[in-house]
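Laboratory data are not the source of any read-out in this text; all were calculated from the coordinates shown. Because the structure is predicted, anything quoted here is derived from the model rather than measured. A quick note on method: Cβ atoms are made from the backbone with ideal geometry, for glycine too, and the neighbour counts reach across all protein chains shown.
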Amino acid sequence: MSEAKYTDSEMMIAVAARMLKGARTVFVGVGLPNIACNLARFTVAPDLELIYESGVYGARPERLPLSIGDPTLVSGATSVVSMADLFGLYLQRGLVEIALLGGAQIDRYGNLNSTVIGPYAKPKTRLPGSGGACEIATNARRTFMIMRLKRRAFVDKLDFVTSPGHLTGGESRTRLGLPGGGPELVITDKAVLDFANGEREMQLTALYPGVTREHVQAEMGWPLRVAATVQETSAPTSEELRLIRDEVDPHAMYH
Amino acid sequence: MNKPAKADKLASMREAIAAHVVDGCSVAIEGFTGFISFAAGHEIIRQKRRDLTLIRMTPDLIYDQMIAAGTAKKLIFSYTGNPGVGSLYCIRRAVEKAIPCPLELEEYSHYGLVGRYAAGATRAPFFPLRSYIGSDMLAANPLIKLLDDPYGTGKIAVVPPLNPDVAILHAQRADRQGNTQLWGLLGMQKEVAFASRHVIVAVEELVDESVIRADPNRTLIPGLIVDAVVHEPYGAHPSYVQGYYDRDNESYLAWDKLSQDHGAVTAWLDEWVYGLEDHAAYARKLGQERFDKLKPEPLPAAPVDYGRYR
């Protein structure tokens with residue numbers, strides 16, 4: 001095990017990649033999730049097929065994509081389809097096993113806001129909006145969130161629900177008939193949280209080296225729920241760090 | 001006897017915009033991240049169109065520029081960001097501060113807007129999709145509705161057809177009748193073309209009809225629904241065209257900086273749009289060296305054999 005120094009981003013990438021162990025299909029966003037998925041292909045999920053909402057199935061990018069519509073995702077892919085087909089035949093058909101999502105705000109039930117800060121009609125800050133997030137959150141079999149732990153992001157009440165998580169908790173998601181399983185993990189730069197309780201409420205399940213529960217609570221806008229057992233996540237191995245730095249993100253765009 | 005000549009739809013961008021884009025109409029310049037007809041957007045700015053309803057899944061830099069230039073009163077969209085970079089500041093200024101004028105928003109998710117194009121293309125009454133339930137987007141946009149599935153599976157979201165007055169699409173090649181071939185991200189171009197009342201196609205290469213007929217699977221848009229064909233090399237810069245040129249990311253990063261100030265945007269429009277007569281002048285001003293750097297290495301597919309049957 002390495003004692004090498006690593007950044008918060010490298011830790012998030014390494015942890016997210018480990019969570020993709022054995023996965024067959026993943027719906028990828030650009031940035032950290034993209035690096036994590038490519039790292040997972042080298043490590044725990046060699047058969048992982050990358051799906052991008054731009055219409056790419058089975059991408060094999062030769063460089064780190066600048067966006068989810070980068071032409072490097074097309075060259076060498078298994079299939080390139082229209083967005084109608086991507087959302088219909090792949091996502092709504094149920095072929096997306098894991099989706100990685102993020103947002104400006106998340107609440108305790110894993111609902112996400114990527115639309116506005118402030119009132120919708122007169123926003124303080126206009127954010128990009130849904131893109132595919134609303135239907136991805138609805139249909140993916142499992143959803144993992146990758147977000148930095150910040151008090152302004154982990155809020156008691158969202159300004160706007162863009163993408164449904166476990167809604168008001170408990171069985172509320174199932175009652176509304178949403179096909180996908182909903183949020184399963186929140187991978188942050190300090191800790192991992194899950195929703196493995198009857199209320200489907202976000203709970204602390206693993207702390208990164210050197211991080212305490214108090215550190216996590218300080219960045220959350222509601223009283224932190226803690227799982228019965230809290231693991232300590234191991235630091236990135238020297239091999240994970242080498243792959244991130246030399247293979248997946250050699251220009252250090254995101255780590 | 002000579003056969004009657006087929007329609008030659010070749011036009012300059014100036015002619016095509018003047019003929020089909022009028023004040024107050026709805027325009028969809030589409031293409032997901034690539035194939036974005038900046039040439040058309042700049043010509044619309046140059047011709048000082050006003051009160052347009054601009055439709056695009058991802059408004060990108062081109063609508064940021066058109067909105068800063070005051071061409072639009074309304075934006076229909078599903079994701080408004082500078083892709084892979086950050087915010088679209090001109091759109092934010094219009095929404096948050098009404099600079100240079102107020103901008104009405106009509107907002108969907110990607111699948112919702114794709115569905116609106118698909119319903120528009122097939123003249124269907126609506127498009128059903130598994131999305132929106134549990135989201136505040138339903139309340140934010142009254143055009144998104146929930147129906148009871150008549151076959152008994154419960155509530156389903158529906159969106160209405162969208163039929164833009166004009167679709168403007170950029171592609172690799174077309175013939176003079178407008179039969180258009182595109183490879184790479186297929187996005188929503190087929191659906192928006194069939195949905196729209198008029199279609200303008202801009203292409204890197206104008207080819208003979210025989211080139212199209214040799215590879216009919218690649219024809220995304222038939223000339224039947226195309227009104228004008230514009231030969232516009234580099235017409236999608238700074239976005240990309242698969243196999244021809246890469247995205248000019250320096251331009252996207254530069255826009256992220258300069259677009260934070262409306263005065264700087266106005267100066268940019270003066271220099272790069274109003275100050276130039278057309279997109280060919282824009283390409284000359286950028287210089288061939290810039291485009292040479294954006295050219296990808298070749299990676300050709302194996303030829304396919306359709307067979308000759310007679």
Across A:Lys122/B:Lys73; B:Lys48/B:Lys73; A:Lys122/B:Lys257; A:Lys150/A:Lys190; A:Lys122/B:Lys48, pairs whose alpha-carbon gap is larger than 19 Å: A:Lys122/B:Lys257; A:Lys122/B:Lys48
Whichever lysines have a C-alpha closer than 17 Å to that of B:Lys293, once near sequence neighbours (fewer than 8 apart) are set aside: B:Lys285
Calculated SAXS-style log₁₀ I(q)/I(0) at q = 0.13 Å⁻¹ - region A:62-170, Debye, Cα scatterers: -0.57
Shielding of B:91-97 by partner chains, average beta-carbon count, 10 Å: 3
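Let's test the formula: R0 of 41 Å, r as the Cβ-Cβ distance of B:Arg218 and B:Asp23. What FRET efficiency results, to the nearest 0.05? Mind dumping the intermediate values first?
Values: r = 36 Å, r/R0 = 0.88.
Plugging the Cβ-Cβ distance into 1/(1 + (r/R0)^6) gives 0.70.
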Measure of compaction for region B:60-100 (Cα Rg per 2.2 N^0.38 Å): 1.05
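Inverting the mean 1/r over all pairs of different Cα atoms, compute the Kirkwood radius of region A:196-255 and quote it in Å. Please list the in-between numbers first.
On the way: mean 1/r = 0.0714 Å⁻¹.
One decimal place: 14.0 Å for the Kirkwood radius.
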Reciprocal of mean inverse Cα separation for region B:159-204 (Kirkwood radius, Å): 11.2
Cβ neighbours within 10 Å from other chains - mean over A:160-168: 4
Set of aspartates and glutamates with alpha-carbon distance to B:Lys145 below 18 Å, sequence-local pairs under 8 removed: A:Glu135, B:Glu106, B:Glu107, B:Asp136
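Given contacts defined as C-alpha pairs under 8 Å and at least six residues apart, what's the relative contact order of region A:131-255, whole-number percent?
Numbers: 186 pairs, mean separation 29.2, N = 125.
Relative contact order comes out at 23 percent.
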Per-residue Cβ neighbour rank within 10 angstrom, fewest leading, B:Phe32, A:Phe27: A:Phe27, B:Phe32
Of A:Met11, A:Met145, A:Met83, the one that fluctuates the most in a GNM where chain A has Cα springs shorter than 10 Å: A:Met83
Spin-label zone in region A:117-154 - amide nitrogen under 19 Å from a point set 7 Å from the Cα of B:Glu104 along the C-beta vector: A:120-123
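Ranked highest first by the average count of other Cβ atoms within 10 Å around their residues, in what order do B:87-98, B:33-44, B:248-259 fall?
On the way: B:87-98: 20.6, B:33-44: 26.7, B:248-259: 16.4.
In decreasing order of mean packing, B:87-98, B:33-44, B:248-259 become B:33-44, B:87-98, B:248-259.
Can you give the helix-only mean residue ellipticity at 222 nm for the protein assembly as shown, where every DSSP H stretch with n ≥ 4 adds -39500 (n - 2.57) and the sum goes over all residues, rounded to the nearest 500 deg cm²/dmol? Walk me through the intermediate numbers first.
Numbers: 18 runs with 142 residues, N = 565.
Mean residue ellipticity, 222 nm, calculated: -6500 deg cm²/dmol.
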Dimensionless Rg over Rh [chain B; C-alpha; Kirkwood]: 0.98
Beta bridges per DSSP with both ends in chain A, % antiparallel, nearest 5: 45
Kirkwood Rh and Cα Rg combined as Rg over Rh, evaluated for the protein assembly as shown: 0.98
Residues B:Val158, A:Val230, A:Val74, A:Val28 arranged by fewest to most Cβ contacts within 10 Å: A:Val230, B:Val158, A:Val74, A:Val28
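Given a cut-off of under 8 Å on Cα pairs at least six residues apart, what relative contact order in percent is computed for chain B? Each step should come with its number before you reach the end.
Numbers: 636 pairs, mean separation 62.6, N = 310.
Value for chain B: 20 percent.
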Descending Cα extents along the principal axes, region A:84-146, whole Å: 37, 27, 14
Residue with peak Gaussian network fluctuation, chain B [Cα springs, cutoff 10 Å], from B:Leu61, B:Leu299, B:Leu146: B:Leu299
Estimated distance in nm for a label pair at B:Asp305 and A:His215, the labels positioned 7 Å out from Cα along Cα-to-Cβ: 6.4
Percent RCO, i.e. relative contact order, over region A:8-248, from Cα pairs under 8 Å lying at least 6 residues apart: 17
Average beta carbon contacts from partner chains per residue of B:31-42, 10 Å cutoff: 2
